[in-house]
1. Filter the stretch 44-67 down to residues that are hydrophobic (A, V, I, L, M, F, W, C) and in contact with a Phe, Trp or Tyr (Cβ under 9 Å, 6 or more places away or on another chain) and give me whichever is farthest from residue 31 (Cα to Cα).
2. List the residue pairs whose Cβ atoms are under 8 Å apart, where the first residue sits in the stretch 16-33 and is among the hydroxyl-bearing types (Ser, Thr, Tyr), the second is assigned to a helix (DSSP H, G or I), and the two are 6 or more positions apart or on different chains.
3. Check every one of the helices (runs of 4 or more DSSP H) wholly within the chain and list those with 1 or more residues that are in contact with a Ser or Thr (Cβ under 6 Å, 6 or more places away or on another chain) and of a type in the set (Gly, Ala, Ser).
Amino acid sequence: MLGILSRNATTGPRVWSYFTDRWDEAVEKFPGNSLSRLTLGVPLFIKDESFANKVEAFHTEHPLAGDQRTVVQALERMRVGLAFAAAMRQQF
């Protein structure tokens, strides 16, 4: 459910902040192979570059054993989205 809520443009950043503030709890309570699902919304965090930097820093400092590749791909999609959004803002 948290992964799905993180994919909503309105709730996504707040949901991400909620579970990363409680990351140690999440690591204890959720199976290790499901933690990468908490990053489902990361590619949608393209409105605020400073928030995106915070997201990337967190996931770089808290790598997931076995699933970090999925997280890195989500971060890469977020960066592509940020660049695209910036280019669109410049055109209009």
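The numbers here are math on the coordinates, done by the rules we state, and not lab data. These figures come from a predicted structure and were not determined experimentally. Neighbour counts run over all protein chains shown; Cβ positions are idealised from the backbone, glycine included.
1. It comes out as 46.
2. Pairs that qualify, where the first residue is among the hydroxyl-bearing types (Ser, Thr, Tyr) and the partner is assigned to a helix (DSSP H, G or I), are 18/2; 20/58.
3. 12-21, 68-91
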